[in-house]
Amino acid sequence: MDISSSSAEIKKNIAVKILDADGKAVEDVEVSPRSVDIDIPIEYTKIVLLDPDIAVKPATGYIVTGISISPKEIHIAGKKELLDALDTIKTQRIDLTDVKAFIDKEVSLVLPPGVELANKSEVVRLNVNIEKIVETPIEVNNIAVRNLPDDLVAELPQASIQAFVRGPESIVNAWDVNNAFYIDASGLGEGTHEMHVFYDKPSEVEMMGLNPSMISVTLKKRE
């Protein structure tokens, strides 16, 4: 019986035939029973998202900078009505405490009854990035002047300041501070002005203070 085009569970009563080694029917042989009932379930497959169920508590002085799961999607198999009700599959609950280093961990999945992995050998891994938090002074040797009128030039007697920052070590170290600090000359005319120093920083970095937080700028007519 060919079931390659079937899309639903097959239930049939079929006659029993005796075949020889060449696959030909053997005649004049009494068969009992003459027919049998068959029941062939047809399984469907579906790709769903994985939903990591995880709680991470880093050790004091550390921070979680990323949680990822691989693969992000999984191929599951089962009856159509079961798969239609699923859009995600959760991992088993994982609780991690006092974490100080990167974690790479194989995780199990919570599969509903009647649902299984299409590829039973597939492995799901969870990665947790943990970084040390640093508090450090940073020397800033370039302060830009933004929104300077075209007919003016700016002179900054003090060209460097010190920033005190707190954040994940790799992000603090990668921050290009000499392209991040500036004063805003919008609406200013000639003369000397005391200006607040502004900055663009990564969201993960906390600015704890600037020394000084204001600097003097002199604006002159462009020659």
query = Is the chain best put as rounded, prolate or oblate by its Cα gyration tensor, with a ≥ b ≥ c the root eigenvalues, rounded for a/c under 1.5, and otherwise prolate when a/b is larger than b/c, oblate when not?
reply = prolate
key: Ranked by how many other beta carbons lie within 10 Å on average, peptides 166-172, 142-148 from highest   = 166-172, 142-148
ask   = Counting only DSSP beta bridges with both residues in segment 44-132, what percent are antiparallel, rounded to the nearest 5?
value = 75 percent
ask   = D for segment 90-158, whole µm²/s, Stokes-Einstein with Kirkwood Rh over alpha-carbon pairs at 20 °C and 1.002 mPa s: what number?
value = 116 µm²/s
remark   = Counting all Cα-Cα pairs in segment 141-221, those more than 16 Å apart amount in percent to 52 percent
query = Hey, which lysines would be in cross-link range of Lys201, C-alpha to C-alpha under 27 Å, not counting anything within fewer than 8 residues on its own chain?
reply = Lys57, Lys100, Lys132
Charge dipole (debye, nearest 20) of the chain; +1 at Cβ of Lys and Arg, -1 at Cβ of Asp and Glu = 300 debye
query = What ranking do 101-111, 21-31 get when scored by the average of other Cβ atoms within 10 Å per residue, highest first?
reply = 101-111, 21-31
message = Below 11 angstrom from the Cβ of Lys132, what's the summed charge of the other residues (Lys, Arg +1; Asp, Glu -1)?
response = -2
query = Setting aside same-chain residues fewer than 8 positions from Lys24, which lysines have a Cα under 26 Å from its Cα?
reply = Lys11, Lys12
query = Which Cα, out of Pro202, Val145, Thr192, lies furthest along the positive dipole direction of segment 141-221 (beta carbon charges, K/R +1, D/E -1)?
reply = Thr192
Alpha-carbon centroids, segment 146-167 and segment 86-138: separation in whole Å = 45 Å
inquiry  = How are the alpha carbon pair distances in segment 44-132 distributed across 10 Å bins from zero to the largest one, expressed in percent?
reply    = 16, 44, 24, 13, 3
key: Computed magnitude of the charge dipole of segment 141-221 (debye, nearest 20; Cβ of K, R +1, Cβ of D, E -1)   = 120 debye
inquiry  = Using a Gaussian network model on the chain with a 10 Å cutoff between Cα atoms, which of Ala180, Ala15, Ala159 fluctuates the most?
reply    = Ala15
query = Using 1/(1 + (r/R0)^6) with R0 = 30 angstrom and r between the beta carbons of Thr88 and Glu169, what's the FRET efficiency to the nearest 0.05?
reply = 0.35
key: Spatially proximal lysines relative to Lys46 (Cα-Cα < 17 Å; intrachain offsets below 8 disregarded)   = Lys72, Lys79, Lys80, Lys90, Lys120
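Bear in mind these aren't lab numbers, they're just calculated from the coordinates by the rules spelled out. Since the structure is predicted, the reported quantities are computational estimates derived from the model, not experimental observations. Counting neighbours? That spans all protein chains shown, and the Cβs are built from the backbone with ideal geometry, glycine included.
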